[in-house]
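Shown next, in structure tokens, is the structure this report addresses.
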Amino acid sequence: HSPVNTQTAKAVPTLPDAQTVTAVTHWTDRLFSFRVTRPASLRFRSGEFVMIGLMGDPHPETGKQKPLLRAYSIASPAWDDELEFYSIKVQDGPLTSKLQHIQPGDEIILRPKPVGTLVHDALLPGKRIWFFATGTGFAPFASLLREPETYENYDEVIVTHTCRDVNELEYGRKLIEDLQADEMMQELIGTENLAKIRYYPTTTREESPKMGRITTLLQDGTVFRDLGIDAINVETDRAMVCGSLDFNKDILAILEGFGLEEGANSDPKHFVIEKAFVG
Ligand code: A2P
């Protein structure tokens with residue numbers, strides 16, 4: 001009679017660092033979001049990212065499988081008991097070609113080492129915070145928009161999201177709409193705090209109420225006129241940026257043009273930038 005052997009025999013083999021998928025939402029044929037269980041030990045700051053993935057195909061000769069991991073911003077806030085992610089589907093992408101087929105009950109790998117620059121600690125105090133996103137770069141802001149500290153720190157939260165087509169805005173649009181209508185959120189963040197959100201979506205390839213790249217709309221002053229606010233100013237404005245490499249480079253130049261400087265965890269300043277991750 002050996003309890004140790006009994007346990008070993010019954011152990012279900014799982015992936016290393018496995019977490020279970022609890023929900024999947026497909027937003028377009030190119031975009032989906034999903035939620036997974038959160039390990040009790042995982043601590044992170046809203047806006048950070050982790051490595052997640054699946055086991056790769058078995059090696060043709062040895063049959064060995066290696067984990068296929070990519071960096072993903074955590075789209076849920078630090079207080080949530082699950083983790084949410086927002087992803088592109090790349091048909092020939094090594095990870096997302098498989099990841100797009102996950103279902104509730106499936107397992108994914110989650111390496112519990114959150115890191116990232118889009119955190120409140122990396123910014124000096126200010127009055128307004130700008131979240132500049134393109135495409136799936138909205139993910140860290142989905143976390144930060146549900147983070148009470150965002151509203152404790154600022155009087156106004158301006159969220160810009162630029163996508164090619166209207167349906168690519170839906171995840172962000174619905175998140176903000178739900179956030180402002182959700183009773184638990186109203187209690188957690190405060191109705192008057194949720195009213196601080198100014199949402200400014202734009203599209204570049206499909207007709208919508210506001211067309212154009214946010215970079216152009218900042219440079220020609222359209223954004224400030226549309227929102228009825230003063231232009232970006234180093235005394236009042238702070239920013240977080242998440243998009244493609246080119247987008248990040250262009251926004252960096254624009255923000256520096258307004259006199260803002262890039263900060264870091266160890267050296268807080270006026271704005272921070274992170275690359276939107278793709279599979
Ligand atoms: P555009 O259609 O003019 O390229 P993607 O789907 O390629 O990741 O792009 C997401 C959105 O980001 C698109 O609307 C795209 O506009 C916009 N975008 C891409 N590069 C830049 C940039 N350098 N500055 C501003 N917007 C950009």
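Take residues that are over 24 Å from K174 (Cβ atoms) and modelled with pLDDT of 95 or more and tell me which of the strands (runs of 3 or more DSSP E) falling wholly in region 35-97 contain 1 or more.
Answer list for region 35-97: 49-55, 67-73.
Tally the residues that are acidic (D, E) and within 11 Å of the ligand (Cβ to nearest atom), restricting the search to region 160-171.
2
Exactly one condition in (1) away from the ligand (no atom under 12 Å from the Cβ); (2) on the phi > 0 side of the Ramachandran plot is false for K174; which is it?
The one condition K174 does not meet is (2).
Considering only region 207-249, state which residues are away from the ligand (no atom under 16 Å from the Cβ), among the basic types (K, R) and surrounded by 14 or more Cβ atoms within 10 Å (Cβ to Cβ).
Selection gives R238 alone.
Find all pairs meeting these conditions: Cβ atoms under 6 angstrom apart; at least six residues apart or on different chains; first residue within region 213-234 and within 17 Å of A133 (Cα to Cα); second residue of a type in the set (S, T, Y).
R213/T162; R213/T204; I214/T160; I214/T162; I214/T202
Are there any pairs, at least 6 apart or on different chains, whose C-beta atoms fall under 7 Å, with the first in region 174-196 and at pLDDT 95 or above and the second surrounded by fewer than 16 Cβ atoms within 10 Å (Cβ to Cβ) and not in a helix (DSSP H, G or I), and if so, which?
As it stands, the answer is K196/D155, since those pairs meet every condition given.
Given the options T204, T191, name the one that is β-branched (V, I, T), out of contact with any Leu (no Cβ under 9 Å at 6 or more places or on another chain) and surrounded by 15 or more Cβ atoms within 10 Å (Cβ to Cβ).
Within the list T204, T191, the selection yields T204.
The values are calculated or read from the model by the stated rules, or taken from the named source; none is laboratory data. Only a predicted model underlies this, so the values are computations on that prediction, with no experimental measurement involved. Positions of Cβ are generated from backbone atoms using ideal geometry, with glycine treated the same way; all protein chains shown enter the neighbour counts.
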